[in-house]
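Colleague: Please find one structure pasted underneath; my questions will follow.
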Amino acid sequence: MKAHGAEPRDLLAMAHDLRRRADPATAGLWPRASALLARQALEAVVEQFWERRAVDLGGYPMQAQLICLRTYLGDAELAARTSHAWSALSRACHHHSYELAPTATELEAWFSVVGELVARVGIYQELKP
């Protein structure tokens, strides 16, 4: 599922908002919904990054794009954390009866990485002539 046209900051803000408004009646649902929004934000910012770098990787799987991100971003550590966050968010989006939904603390840690990437790509855009 792609988030074409949606701004990564907006998607991430919606994920944070949903996590903050957690309701016991929706236990198990809100964590997965907020994880999906955060994953969409991550995918959207990666897509923006490739567009701004004029690198056509849009047709490749996200795992391949994240491997390439390590070279192009200029921050291998952030790229590695981004890859981990994407994997964790992807796992969290899928409901399995034998798995617990992610905790609010886990979600916030992943959201933080997405926020860092959004900020980094935003700075990169500002530096471009």
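The values are calculated or read from the model by the stated rules, or taken from the named source; none is laboratory data. No experiment lies behind these values; they were computed from the predicted model shown. Here Cβ is always computed from backbone atoms with ideal geometry, including for glycine, and neighbour counts include all displayed protein chains. The area values use the complete protein model at the heavy-atom level, side chains included, leaving out ligands, DNA and RNA. Shrake-Rupley method; radii C 1.70, N 1.55, O 1.52, S 1.80 Å.
Colleague: Determine the relative contact order of the range 1-115: mean sequence separation of Cα pairs under 8 Å and six or more apart, normalised by residue count, in whole percent.
Modeller: Numbers: 116 pairs, mean separation 39.0, N = 115.
This gives 34 percent for the range 1-115.
Colleague: When N is the residue count of the chain, what does its C-alpha Rg come to as a fraction of 2.2 N^0.38 Å?
Modeller: Computed over Cα atoms of the chain, the ratio equals 1.05.
Colleague: How high is the FRET efficiency from A76 to A25, r the C-beta distance, R0 30 Å, rounded to 0.05? If you can, show how the numbers build up before the last one.
Modeller: Numbers: r = 43 Å, r/R0 = 1.42.
E between A76 and A25, to the nearest 0.05, is 0.10.
Colleague: Over the alpha carbons of the range 60-99, what is the largest minus smallest coordinate on each principal axis, giving the biggest first in Å?
Modeller: 39, 21, 9
Colleague: Could you compute how much accessible surface D10 exposes when probed at 1.4 Å, giving the result in Å² to the nearest 10?
Modeller: 90
Colleague: With angles folded into 0 to 90 degrees, how steeply does helix 62-72 sit against the dominant principal axis of the chain? Use alpha carbons for both and round to 10.
Modeller: 40
Colleague: Whenever you get a sec, compute what percent of the accessible area on the chain sits on carbon and sulfur atoms (1.4 Å probe). Intermediate values should be presented prior to the final figure.
Modeller: Numbers: 4110 of 7280 Å².
Looking at the chain in its full context, I get 57 percent from C and S.
Colleague: Going by alpha carbons, how many degrees (0 to 90, nearest 10) lie between the helix axis of 8-20 and the longest principal axis of the chain?
Modeller: Compared with the principal axis, the helix lies near 20 degrees.
Colleague: Compute the length gained on full extension between A109 and A13: take 0.36 nm times their separation in residues and subtract their Cα-Cα distance, giving the result in nm to one decimal.
Modeller: On the way: separation 96, 0.36 × 96 = 34.56 nm, distance 1.43 nm.
33.1 nm is the gain from fully extending A109 to A13.
Colleague: Quote the FRET efficiency, to the nearest 0.05, computed for V55 versus A6 with a Förster distance R0 of 30 Å and r equal to the Cβ-Cβ distance.
Modeller: Values: r = 21 Å, r/R0 = 0.70.
About 0.90, to the nearest 0.05.
Colleague: Roughly how big is the chain's charge dipole about its Cα centre, with Cβ charges of +1 (Lys, Arg) and -1 (Asp, Glu), in debye to the nearest 20? Please list the in-between numbers first.
Modeller: On the way: 14 positive and 15 negative charges, 12 e Å.
With only Lys, Arg, Asp and Glu charged at Cβ, the dipole is about 60 debye.
Colleague: Let's test the formula: R0 of 30 Å, r as the Cβ-Cβ distance of H95 and I67. What FRET efficiency results, to the nearest 0.05?
Modeller: So, using R0 = 30 Å, E works out to roughly 0.60.
Colleague: Just the number please: accessible area per residue for the chain, 1.4 Å probe, all protein chains included, in Å².
Modeller: The answer is 56 Å² per residue.
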